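These notes concern the structure reproduced below.
The values are calculated or read from the model by the stated rules, or taken from the named source; none is laboratory data. A quick note: this is a predicted structure, and the numbers were derived from the prediction, not measured. So basically every Cβ, Gly included, is an ideal-geometry build from the backbone, and we count neighbours across all protein chains shown.
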Amino acid sequence: MTNFDRKSHWEKIYQTKQLQEVSWYEPTPETSLRFVAQFNLAKSAKIMDVGGGDSLLVDHLLDLGYTDITVLDISVQALERAKERLGSRAAQVKWIVADAASFQPTERYDFWHDRAAFHFLTDEQEIGRYLETVKKHLADKGYFVVGTFSERGPEKCSGIEVRRYSEQSMSERLSAFFEKIRCITIDHLTPFNTWQNFIFCSFRQRLAA
């Protein structure tokens, strides 16, 4: 996929497909919200949602009273759609247009959430750079939750090849950076009545000895 323009690809996706016309659509992001509840995050916790696009997670976090939410996506169109949906509440959210593979935060986050963005990183250098960024910008005792296609999941999404993970391969990849808490697998029902198998793993910042 040499010379592949990732940003243009995603802008086109969000320009041509509505919210309920993409495979990752879920009206209630139950798995992600369960992790938020499990870690009993303070309402003032700094939350980062990478690849959030026009996902409804931000809506639910606002409903729950969280006050420091950042949503990052490579697509301007995706974020504009989310802002339009939220109306006046959009002003309560920080919006960042950036590629997750090269993003350099200016803050540290208590909860870094990545549902189905990480598995689009297939280049070893990009993967390593992204994980170093998370490590550097995750607060002490902070949590990192990442969801990807499992080894039983699709090999491609939106025409792009993805890297699929098992609990073992995810653990081996991320345990060099973080302390693993647990992994779960879930089946996601798409708007097209097909099933996609995901693995979600949670990690915590490993404190220096």
TODO: Identify all residues within the range 132-177 that are within 12 Å of residue 200 (Cα to Cα) and under 16 Å from the mean Cα position of the chain (by Cα); write none if there are none.
DONE: 144, 145, 146, 147, 148, 149, 150, 164, 165, 170
- [ ] Look through the range 109-134, keep the residues that are polar (S, T, N, Q) and touching a residue at least 24 places away in the same chain (Cβ under 8 Å), and return whichever of them is farthest from residue 160 (Cα to Cα).
- [x] 133
- [ ] Filter the range 18-61 down to the residues that are in contact with a strand residue (DSSP E or B) (Cβ under 7 Å, 6 or more places away or on another chain), closer than 18 Å to residue 83 by Cα and aliphatic (A, V, I, L, M), then identify the one that is surrounded by the fewest Cβ atoms within 10 Å (Cβ to Cβ).
- [x] 57
TODO: Taking residue 42 as meeting all but one of (1) modelled with pLDDT of 95 or more; (2) within 21 Å of residue 117 (Cβ to Cβ); (3) out of contact with any Pro (no Cβ under 8 Å at 6 or more places or on another chain), write down the number of the exception.
DONE: (2)
Task: Residue pairs meeting the criteria (Cβ under 6 Å; at least 6 apart or on separate chains; first part of a loop (DSSP other than H, G, I, E, B), in the range 186-203; second of a type outside the set (Val, Ile, Thr) and surrounded by 14 or more Cβ atoms within 10 Å (Cβ to Cβ)) - done: 190/23; 191/25
Open item on the list: Give me the helices (runs of 4 or more DSSP H) completely within the range 1-86, filtered to those with at least 1 residues that are basic (Lys, Arg), ordered by residue number.
Closed with: 6-16, 30-38, 76-86
Task: Subset of the range 102-157 (residues that are of a type in the set (A, V, I, L, M), part of a loop (DSSP other than H, G, I, E, B) and at negative phi) - done: 117, 121
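Can you give me the number of residues within the range 130-148 that are surrounded by 17 or more Cβ atoms within 10 Å (Cβ to Cβ) and either hydroxyl-bearing (Ser, Thr, Tyr) or modelled with pLDDT under 95 (or both)?
4
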Open item on the list: Out of the residues in the range 99-120 meeting the condition of being closer than 24 Å to residue 61 by Cβ and of a type in the set (A, V, I, L, M, F, W, C), tell me which one is surrounded by the most Cβ atoms within 10 Å (Cβ to Cβ).
Closed with: 112
TODO: Filter the range 150-170 for residues that are modelled with pLDDT of 95 or more and not charged (D, E, K, R) and give the result.
DONE: 150, 165, 166, 168, 169, 170
Open item on the list: Restricting to the range 25-74, name every residue that is farther than 16 Å from residue 146 by Cβ, within 14 Å of the chain's Cα centre (by Cα) and polar (S, T, N, Q).
Closed with: 70
Open item on the list: Restricting to the range 149-164, and then to whatever is under 30 Å from residue 45 (Cβ atoms) and small (Gly, Ala, Ser), can you tell me which residue is surrounded by the most Cβ atoms within 10 Å (Cβ to Cβ)?
Closed with: 150
